[in-house]
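Just so it is clear, none of the values below were taken in a lab; they were calculated from the coordinates. The structure presented is a predicted model; accordingly, all values stated were derived computationally and were not measured. Virtual Cβ from ideal backbone geometry, glycine too; neighbours counted across all protein chains shown.
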Amino acid sequence: MNRENVKDIFPKLIDFGTCTVGSTQVMKFPLTCKIPLNFEYEFTPVKENSDIVLNPPKGVVPGKGSIDIEITYTPTNPITVVAEYEVQFTSNL
């Protein structure tokens, strides 16, 4: 898997739009493997914000299967917040 493939799998920017303080918004994004080999992934925070939670931060995507990555945003203040993550993939060939 190369950098270009990751851009196709997971969006670079996620915008939750205008959210009410204290409300919770959830977005799910699938990680899918189209070949019969499992691969591991790990999201590492570059810039964290406690209003944004990414789960599960690491795990295994089964061969010819998929899992959902869930991003939850619960604003605590009426401001724009940013969180950044790097993702790494490995496979056991």
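Got a sec? Charge dipole of the chain, +1 on Cβ for Lys and Arg, -1 for Asp and Glu; which of Gly63, Gln25, Val82 is way out at the positive end?
Of the listed residues, the answer is Gly63.
In whole Å, what three semi-axes, largest first, describe the equivalent ellipsoid of the chain built from its Cα gyration tensor (square root of 5 times each eigenvalue)?
Each semi-axis is the square root of five times an eigenvalue, giving 28, 12, 11 Å.
To the nearest 20 debye, what is the magnitude of the charge dipole of the chain about its Cα centre, counting +1 on the Cβ of each Lys and Arg and -1 on the Cβ of each Asp and Glu?
Around 260 debye, computed over the chain.
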